[in-house]
Structures are given as structure tokens and as C-alpha cells.
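The structure appears right after this line, and notes come after that.
The values are calculated or read from the model by the stated rules, or taken from the named source; none is laboratory data. Keep in mind it's a predicted model, so treat the numbers as computed, not measured. Note: ideal-geometry Cβ built from the backbone for every residue, glycine included; neighbour counts use all protein chains shown.
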Amino acid sequence: MTQEDGDLDALVRKRIRGLRSAMGWSLDELAARCYLSASTLSRIETGSRRIGLDQLVALAKALGTTLDQLVQTAGDEDVVIRPRYEPGRGVTSWTFNRDTGVMAARMRITRPAPTGTAELKAHPGREWFTVLSGTLVLQLADRRITVEAGEAAEFSTMTPHALGAQGGPAEILGIFDPDGRRSHLDAAELPDTSQPKAGGGPA
């Protein structure tokens with residue numbers, strides 16, 4: 001076993017023990033949920049017993065997580081959130097979680113809201129955001145709604161919509177479902193780079 005494998009093995013054991021403690025379960029309670037003996041589970045947590053794949057699958061299910069999440073490696077990329085720039089749309093975003101479901105994102109918007117309807121998008125679901133700074137314009141079909149710092153908005157995304165800044169950059173914290181994520185924060189539209197392209201960057 002390499003040092004890297006050993007580090008991951010120790011991390012997995014800490015995760016199992018930490019998740020069990022967070023659930024408020026004793027060794028007996030978790031053991032019963034994953035069909036292991038309490039003594040086997042104790043040896044798994046302390047590192048005195050090798051963990052089998054079948055045991056990991058059962059533990060992940062009992063702890064309400066997935067095998068991938070239980071054994072994922074730990075690195076700075078799981079901690080440091082680097083901005084994604086899209087100068088053409090006047091958007092900089094910081095995504096707060098990386099799963100395929102609902103996602104929270106902080107966005108810095110510099111481009112004004114469109115004056116016509118050609119750029120408005122519609123998709124299933126709902127969106128919610130709060131304005132952290134500046135003034136945001138929410139265009140909902142033919143309605144133009146101003147949302148100030150400290151205010152929030154929620155709306156059906158089946159209504160054609162677009163966001164834009166008014167009087168300078170605006171920062172928002174938004175919650176997007178999978179359809180909203182694809183529409184506003186798709187990786188193909190927001191290249192993952194820690195530096196703006198030459199001559200570009202957030203305004």
C-alpha cells in the first residue's frame with residue numbers, strides 16, 4: 001500500500017466514524033443498519049481491519065451517502081473555489097457545490113439586462129437569488145423588475161427571463177436546479193480558468 005493509499009484509507013475510516021457520530025448512532029446502531037457486527041465495525045473505524053468493497057457499499061448506504069463520496073480523495077480542489085469568467089456575458093461565477101442537482105452559485109454580473117426579448121431564456125423549474133451588492137434587473141417576459149441589495153427574488157423559469165446589472169456591477173447568490181444550471185452556468189459556456197483571458201476578465 002502506498003502512502004497515498006494509506007492516507008485515503010485513514011480518511012475513509014474517519015469519514016465513517018464522523019458520519020456515524022453526526023447521526024448520533026452508537027457502534028451497535030450503525031452495525032445493525034449495515035449488517036455488520038459491532039466489533040467488526042469498531043475494527044474498521046480504528047484501522048485494525050481491512051475494509052471490503054461490500055462493506056463500504058453497505059456503510060455508504062446506511063450512512064446516507066454514496067460510495068464515491070465516501071472514498072473521494074481530499075485535495076485543495078475540493079476546498080478552493082476558483083472563479084469562472086465569461087467576459088462576453090459579463091458574468092463571473094463561484095459555484096458552491098459540485099453535484100448534478102441543485103447548486104448554489106455566487107455571480108458577479110456586469111452586463112445590463114437586455115432591452116428586447118431575443119436573449120430571454122425559459123426552462124422548467126424555479127430560481128431564487130438574493131442581491132449581495134449593487135442593483136439587479138430581472139427581466140421576466142415584458143416585466144422589468146428592479147431588485148436592490150438585501151432583497152431577494154423567486155420566480156418560475158418557464159417565464160422567459162434574463163438578469164442584468166444596473167448602474168454598475170451587481171453580485172448575487174443564487175440557487176439553481178439542474179435546468180437553471182445548464183442555462184446559466186453550463187461549463188461549456190463558462191470556461192474553468194483561474195485567470196481571465198488576455199484583454200478580458202470581470203469588469
ask   = Of the residues Thr135, Thr92, which single one is among the hydroxyl-bearing types (Ser, Thr, Tyr), modelled with pLDDT of 90 or more and not in a loop (DSSP other than H, G, I, E, B)?
value = Thr135
message = Taking the conditions exactly as written (modelled with pLDDT of 70 or more, among the charged types (D, E, K, R) and out of contact with any helix residue (DSSP H, G or I) (no Cβ under 6 Å at 6 or more places or on another chain)), does Arg106 satisfy them or not?
response = yes
inquiry  = I'd like to know if region 64-76 contains one or more residues that are of a type outside the set (Gly, Ala, Ser), modelled with pLDDT under 75 and part of a loop (DSSP other than H, G, I, E, B).
reply    = yes
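A quick yes/no check of all residues on (1) under 12 Å from Ala113 (Cα atoms); (2) modelled with pLDDT of 90 or more:
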| residue | (1), (2) |
| --- | --- |
| Glu148 | no, yes |
| Glu151 | no, yes |
| Gln166 | yes, yes |
| Glu171 | no, yes |
| Ile175 | no, no |
| Asp179 | no, no |
| Leu185 | no, no |
task = Inspect all residues belonging to region 24-34 and state whether any of them is within 28 Å of the chain's Cα centre (by Cα) and not hydrophobic (A, V, I, L, M, F, W, C).
result = yes
request  = Working only within region 22-57, note down all residues that are of a type in the set (Gly, Ala, Ser) and either modelled with pLDDT under 90 or not in a helix (DSSP H, G or I) (or both).
outcome  = Ala22, Gly24, Ser26, Ser37, Gly47, Ser48, Gly52
ask   = Restricting attention to region 143-171, and to residues there that are assigned to a strand (DSSP E or B) and among the aliphatic types (A, V, I, L, M), which single residue is nearest to Arg111 (Cα to Cα)?
value = Ala165
inquiry  = For the structure I just gave you, tell me whether Asp28 is farther than 21 Å from Asp7 by Cα and either acidic (Asp, Glu) or surrounded by fewer than 16 Cβ atoms within 10 Å (Cβ to Cβ) (or both).
reply    = yes
